[in-house]
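Q: Right, I'll just put the structure down here and ask away after.
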Amino acid sequence: MEVGIDSFASVGTSENGETADATQSIAELLERIEQADRSGLDIFGIGEHHRHEFLDSANAVILAAAAARTERIRLTSAVTVLSAADPVRVFQQFATLDLISKGRAEMVVGRGSFTEAFPLFGFSLGDYDEIFAEKLDLLLKIRDNETVDWSGKFRPALENQAIYPRPLQKPFPIWIGVGGTPQSFRRAGMLGLPLVVAIIGGETHRFRSLIDLYRDAGAYAGHAPETLKVSLHSIGYVADTTEQAVEEFFPGYAETFTRIGRERGWPPVTRAAFDAQRGTTGALLVGSPEEVAEKIRRHSESLGGISRVTFQMDNAQMNHAQLMRSIELIGTRMSPLLNN
Amino acid sequence: MNSQTAQTTTAANKSAIRDFLHQMIEAWNRGSGEDFAAPFSETADFIAFKGMHLKGRKEIAAFNQQTFDTVVKGTRLEGEVNFVRFVNSQLALMSGVVRVMLPGQPETSPSRDSMQLFVVMKRDRDWQNERHRRKRTVYHFAPLARSAARFRSTAPFGRCVFRTQQAAGNQTRRD
């Protein structure tokens, strides 16, 4: 199973608890990507948000800087909010990233779980799904054809337009990032695209019916089972011991998700709720390398087999040193345990 | 039967048989498993996706209703008949191509076309669909019919899988 890290390029926290400046935060993020590369991790993803606490609105730029500093690790968006973007421009950026990284780029595209990109780029939330479906259609057409004829509702038509550069990888890997909407699972399956499932709360095994829907839709549309890959994206943090991981992770996690909860109508995070999420079937991947490896193995079994797992860990106000150590542990201890 | 009468009969038979695919497409787009299964006989064989073997109209209706409500919910089906060929006066083959349109998808690639092959038999005075198979995965419907034509499947289709390119190529062979 491939193992990786996803980051939203959070504005960092120094060891004395103060907020770092943006320059330092970006520099430290790039160091963490290098650390992941050195530690043997398979993939590093950068999200896309347009909010003050995240520095990832131009994720392809961050990934390009990372590509120049790394040798082996694959680099991806996590996710590209395709609905608010021009598929032509997005493809050009990631095709260029693929060339810079010598074939290590990927893209995860989704509708986005935050909504700020829609007013920012002049789109209506009322078109939330329709606009994504149309732009995904165009993106795939561009990926699979150097010259494109296309017309749709939300973007000017393309008539015999060639789109460059072409990526090194053929086909360029495009995953669909989904939350819990059946239509998204069905669409990914019908299109035969690999799936990234974001499970950031609740019990992971409860997503099995949606993943079955994805696989059934894929089989129905005639796609080979091996093309219908599932990746699990969950919040996680690994320290030398479970006690240390919990002690370091809980305070920042509680603060961040209580704040986000105020926007989304979730209740404040309690320690009891956190402990439940950390339990056998809960979504949080927080603990020692041994405990987390075992938990991922259980999750994989409950979901019918996953091919990749990624940790989202930098929105719990952990400092850079803690994140560096966690990445090292995930790469050098957790991942070998998981795969042996 | 003189030649003109024979030609008229053949054309009418072809038309009746071609209607089966259109009926199934319309049923898909209404999300009606019952209507989808209506052309199938009581003993039809239907090999669904993932190799599942369904027997008879009721099973075909129930399975497809579940599929319409889940796996392909919100999709539309388009398609056309490629050809109808008579093996003899009581037995015919119908080939068609269908494609699933996702919500918000302006068009679909020809590489996603799915070939359908039906075996139809004339029983009493009506045509019945003997068998139906689909390329790509081993997904076959086994149509049969009532009303204008009545289909009945006598045996499951084998695991013959048509390649996409073949399906696309067959599109030029229209009646």
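Q: May I ask for log10 I(q)/I(0) of chain A at q = 0.08, 0.13 Å⁻¹, from a Debye sum over the Cα atoms as equal point scatterers with solvent left out?
A: Log10 of I(q)/I(0), two decimals: -0.35, -0.99.
Q: Let me ask something else about it. Quick check: residue separation of A:ARG259 and A:GLU18 times 0.36 nm, minus the Cα distance between them. What number comes out in nm?
A: 85.0 nm
Q: Considering only the other residues whose Cβ falls under 10 Å of the Cβ of A:LEU97, what net charge follows from Lys and Arg at +1 and Asp and Glu at -1?
A: With Lys, Arg at +1 and Asp, Glu at -1, the net is -1.
Q: Any idea what the dipole of the protein assembly as shown comes to, in debye rounded to 20, about its Cα centre with Lys/Arg Cβ at +1 and Asp/Glu Cβ at -1?
A: Using only the charged Cβ atoms, the result is roughly 2920 debye.
Q: Same structure again: Can you list the residues, at least 5 places off or on another chain, whose amide H is less than 5 Å from the amide H of A:ASN315, using H built in the peptide plane?
A: Here nothing satisfies the definition.
Q: Next question. Using only Cα atoms, locate the centre of region A:266-284 and the centre of region A:1-43, then give the distance between them in Å, rounded to an integer.
A: If we compute the Cα centre of each part, the gap is 24 Å.
Q: Take the Cα gyration tensor of region B:31-76, multiply each eigenvalue by 5, square-root it, and list the three semi-axes largest first, rounded to whole angstrom.
A: 18, 12, 7
Q: Check which residues have an amide H placed less than 5 Å from B:LEU54's amide H, if you skip close sequence neighbours.
A: Close amide H contacts, sequence-distant or interchain: B:PHE46, B:ILE47, B:ALA48.
Q: Where does the charge balance sit around A:HIS49 when Lys and Arg score +1, Asp and Glu -1, over other residues with C-beta under 11 Å from its C-beta?
A: -3
Q: Can you tell me which of A:GLU263, A:GLU255, A:GLU301 moves the most in a GNM of chain A? Springs connect C-alpha atoms under 10 Å apart.
A: Of A:GLU263, A:GLU255, A:GLU301, the Gaussian network model singles out A:GLU263 as fluctuating most.
Q: Now for a different question. When the helix-only estimate is applied to the protein assembly as shown (DSSP H runs of n ≥ 4, each -39,500 (n - 2.57), divided by the residue count), what is the mean residue ellipticity at 222 nm, nearest 500 deg cm²/dmol?
A: Mean residue ellipticity, 222 nm, calculated: -12000 deg cm²/dmol.
Q: Which lysines does A:LYS141 reach when only Cα atoms under 25 Å apart count, and residues fewer than 8 places away in its own chain are ignored?
A: Counting by Cα, and skipping residues close in sequence, A:LYS141 has these lysines nearby: A:LYS102, A:LYS153, A:LYS170, A:LYS229, B:LYS73, B:LYS135.
Q: Can you pull the three principal axis extents for the Cα set of region A:1-124, in Å, largest first?
A: Answer, in whole Å and largest first: 42, 38, 26 Å.
Q: If Lys and Arg each add +1 and Asp and Glu each add -1, what is the summed charge of the other residues whose beta carbon sits under 15 Å from the beta carbon of A:VAL148?
A: Result for the neighbourhood of A:VAL148: -2.
Q: What residue among A:HIS50, A:ALA245, A:VAL79 has its Cα farthest toward the positive end of the dipole of the protein assembly as shown, where the charges are +1 on Lys, Arg and -1 on Asp, Glu, each on the Cβ?
A: My answer, from the dipole projection, is A:VAL79.
Q: Any chance you could give the angle, 0 to 90 degrees and rounded to 10, that helix A:242-264 forms with the longest Cα principal axis of chain A?
A: Tilt of helix A:242-264: around 50 degrees.
Q: Where in region A:146-182 does the amide nitrogen come within less than 15 Å of the point 7 Å from the Cα of A:LYS102, taken along Cα to Cβ?
A: Backbone N within reach: A:168-169.
Q: What is the spin-label model distance, in nm, from B:GLU34 to B:VAL87 if the labels are put 7 Å beyond Cα along the C-beta direction?
A: It works out to 3.3 nm between the two label points.
FYI, it's all coordinate maths here, none of it is from the lab. Computed from a predicted structure; not experimentally measured. Quick reminder, even Gly has a Cβ in these numbers, built from the backbone with ideal geometry, and neighbours come from all protein chains shown.
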